[in-house]
């Protein structure tokens, strides 16, 4: 399966998510990686069944946000990771699409994470701690399925 990964911005190096998806290639997943927003257009979305966003400026314009909304409404799969929830010009429609609103974060600090409930995604995952930006978000999706909490 071919997947589009949009990553890399001023604060979030694209090599980290690119390295993170590499192990999935042994399971038949192939990734096209776009780091420069200038290399991206809404038409590209329709070439992929799944798009992963790890980029603050992936949906920086109303047109891009509408393109992601249309993509999902037409059956596309969208995974918004970390900095994808920090769109500077985020609209209510885009926040509704990704299910949360970014409120801010302190400087990197120890963040303890634990599974909230059993789920295939968290199978074998226990309590762990990492130095990271502890994102404060407001969940806006009434049907959000929270799997991990910090």
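A few remarks follow.
- Within region 10-39, the set of residues being at pLDDT below 95 and in contact with a helix residue (DSSP H, G or I) (Cβ under 6 Å, 6 or more places away or on another chain) comprises 12 only.
- If the condition is being surrounded by 10 or more Cβ atoms within 10 Å (Cβ to Cβ) and in a helix (DSSP H, G or I), then region 97-120 contributes 97, 98.
The values are calculated or read from the model by the stated rules, or taken from the named source; none is laboratory data. Keep in mind that this is a model prediction, so the values were computed, not measured. Using ideal geometry, Cβ is built from the backbone for each residue, glycine included, and neighbour counts are taken over all protein chains shown.
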